[in-house]
Structure formats: C-alpha cells, structure tokens
Amino acid sequence: MKSKQIQAIRGMNDILPDESPLWEFVEDGVREVFRQYGYRNIRTPIVEFTELFVRGVGEATDIVEKEMYSFVDSMNGDKLSLRPEGTAPVVRAALEHNLLHNGPQRLWYSGPLFRHERPQKGRYRQYHTFGVEALGYSGPDIDLELLQLADRLWRILGIEGVQLQINTIGSAEERRAFRAQLIDYFERHLAALDEDARRRLHANPLRLLDSKNPALQLVINAAPRLMDALGSESRANFEAVQAGLREAGIAYTVNPRLVRGLDYYNLTVFEWVDDRLGAQNAICSGGRYDGLFEQLGGKATPGCGFGIGVERVLLLLKDTGSPAVVLDAYVVRHGETAERFGGRVAEILRDAGLAVVAHCGGGSFKTQMKKADASGARFAVIVGDDEVNAGNVSVKPLREDAQQVRASIAEAVELIKVRDS
C-alpha cells in the first residue's frame, strides 16, 4: 500500500527556487539600509523559556493567551515556546550578556517567528521578520531615526504608497489612570461588545480600541481618547517626533486608536500600512518600550524598535515580478575530454567573479544549447574537441544579435565582463 504523502503544516510555507530571488532582493536591501544606519546584527534562539514572553509581552495579550507554540521539555520539565516576536529575546540577550556595559546599542535581527492562528493572506503560522532595536537611547531623536530608516528602506525596495500612522500611548502611570475611564465607558456599553471585547475589558481594555470588528466601531469611536489623558511631558515628546517627521519630509497620520498589541510599549507607537494588503495591512510596526528591561529583571533602560513582516513586503512587490538570477555563462561541454576541460573552464570563469553553470547530465550539443538558452545565461561558453585541442573556448552571445567568437579563456573572461558593463 502506498504511503500517504506528507505535506507542509498549514500556514508554514516552503519558499521555492523561483520565489527566492525576490526574498534575496528584500534581504539584501534591508541589510544594506541597516548597515548605513550603524545597526549591528544579533541572533537569538528560536526557542526561549515561556516565562520570557509571559513577562515581556504580557499575560493578557492574544500572543500569550492563545497564539504561542508552547511545550514542556521532556528532559527536565522546562516550559518552552517558539518565539512569537523578536524584541523580548533581544532584550533578554542584552541583559544576560551585559551588552549595554559600554553604552547604548543599535541592533538588528532576522528570522522566523511562530504564532498559532488561522492562516490568511499576510498572516501565517511561521512568518519572517527583520527587526531593529535601539537600546539605551531615551530621546525622541531615536524614534525619528527609526522612522527615517524605514522610509529609506521603502524607497530602496521601490515600494510606493505605504502610509505611516503614529500615536502616543503615554507613560505606564498615565495609562493606568486612563484605564479606569475606559473600563467605566465600556461597561456602560456592555451590550454592544462582542465576546472577545468582554473578555478583555478588565484584563487589557486598551486592546478594545484597535478591534477590527466593524460592529464595534461606533462605540469605539465615541470612547474616551488616551491623548486627552496625557500630561505635558508625554505630549511634548510626541510633538518632538512629529516635528522631526515634518522636517524630514515624511508624511504621517496621527491615529489615536493605534495602541499596539504588546504590553511593553509606551510613548511613541507606529505602523506603516498599505491598504492593498486588505485586513492585514501593516508591513512594519513598532514603538518605544522603556519598561521592558525592568519587566525582565534588569534596571530601567530605554528602548525603541520595530519589526518588518517580510511576507507582507513581498506581497507588495509580487506584481513587479521576481528579479531573475542573472547567469553570466552556461558552459556547454561535448565530448569526453571536453567534459573535464569544461569543468576547469567553469572554475576559471568563477574565479574571475562570474556566475556560471556548467552543463551536467550529458546530452547532444543541440540539447545542451537549448538548456543554455533556457537558463537565462547571457553567453554560452562552448567546449568541444576542437576547443580542447587548441586550449581555448567558443563564446556565443545568447541575448543579443552578435557573432560567436573563438577566444582564449582569459579573453573569454574579458569579453563577458565587457558585455556586462
């Protein structure tokens, strides 16, 4: 009996070779912009103690309550989780290794994150992120730097139409005072709330403000505004961020209902959104988290950062088509001695910095030339018995109307390089 074919887990997707060039295009662009701003790479484990996210992200958040992939280590009984977000692990690593001993740190990370939720367009159970964390910087200037960095990244990637939404959620003390107002208001409108909103009302009432349920929007729009409950210091901080954005020429909208879903945020929060993505329209989200170090057992340390949803960025770029892998040459080798000599030719071309595929698997000269053309290579470098005896190669342009020429290997390298420039 034939065994059932095993498939990938729903919401955890394979990235196939035809898709990879677009991923590499985004990854290269992101890394280059991070380098330009002086951010250094940090890499944390995929698995962390569950307590890290309970304390860091917040016990009354969707992530901790129902989205984490958590399990008990069969060896020692430790409660572990696949990381659902990237900031708490970076802060944990900074504390554990005393990274701020010699001053503030600009860090970036990348890799897969995991959340157990219903897969849909732009939302997957395994998804990928690039994130930046600026640790130890207290002023609004670093908030502005992160927003400028993201703005530059969209321009580098050629993404147009992304909109910046910002808000301030003040200090922890201001939110605690506002919380009572919010609970009182929503208790007076309890009949209008859905089951999820009622469950969150006392545990995390701020989250009601960014509910996507259309039936709740009227009651949410009439709710008290956190902005009205903020003190002069929080207001001045937010105005400084806005003034910097105006000076930098970055368009933005103040969204008073933007509160973010993680408990560690304070003051500035933001999202870059694009309505072309539908309901899951945020491609980059972040803000300031000055209390997270203390929540994880450290001393008070300011922090600010964001995470980019790579799959959502790719959805915006898919209409442009995947950038092709440009091969400089395809080595056609026909004949027993040409097989070995052709292999050496391919290595010499690679030593010169060229991208080269050497034909494998045999086949007639005509078949190999068809494969050379299908490969997308700019040139076929032909090695047959005549070429072996003469110690040279034939170079045939495949993407332009030009004559095939016989040349030494060194001349072939220069010919291909000149045509590439």
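The values are calculated or read from the model by the stated rules, or taken from the named source; none is laboratory data. In this text, all values refer to a predicted model and were calculated from it rather than measured experimentally. Every residue, glycine among them, receives a Cβ derived from its backbone with ideal geometry; neighbour counts consider all protein chains shown.
What the table below lists for this structure:
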{"quantity": "Identity of the residue in region 117-151, surrounded by 16 or more Cβ atoms within 10 Å (Cβ to Cβ) and of a type in the set (Lys, Arg), that ends up nearest to GLU32 (Cα to Cα)", "calculated": "ARG123"}
{"quantity": "Members of region 245-287 found to be at positive phi, part of a loop (DSSP other than H, G, I, E, B) and of a type outside the set (Lys, Arg), listed by number", "calculated": "GLY249, GLY278"}
{"quantity": "Flag for LYS371 being farther than 19 Å from ILE416 by Cβ and charged (D, E, K, R)", "calculated": "no"}
{"quantity": "Residue tally, condition free of Cβ contacts under 8 Å to residues at least 40 places away in the same chain and outside any helix (DSSP H, G or I), over region 211-244", "calculated": "4"}
{"quantity": "Close pairs (6 angstrom Cβ cut-off, 6 or more residues apart or separate chains): under 23 Å from ILE156 (Cα atoms) in region 4-27, among the small types (Gly, Ala, Ser) anywhere", "calculated": "PRO21/SER322; LEU22/SER322"}
{"quantity": "Breaking point among (1) modelled with pLDDT under 90; (2) farther than 21 Å from VAL132 by Cβ; (3) touching a strand residue (DSSP E or B) at 6+ places or on another chain (Cβ under 8 Å), for ASN266", "calculated": "(2)"}
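Matching residues to (1) modelled with pLDDT of 90 or more; (2) over 22 Å from GLY298 (Cβ atoms); (3) within 20 Å of the chain's Cα centre (by Cα):
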{"site": "ALA134", "(1), (2), (3)": "yes, no, yes"}
{"site": "ASP141", "(1), (2), (3)": "yes, yes, no"}
{"site": "LEU147", "(1), (2), (3)": "yes, yes, yes"}
{"site": "LEU153", "(1), (2), (3)": "yes, yes, yes"}
{"site": "GLN163", "(1), (2), (3)": "yes, yes, yes"}
{"site": "THR168", "(1), (2), (3)": "yes, yes, no"}
{"site": "PHE178", "(1), (2), (3)": "no, yes, no"}
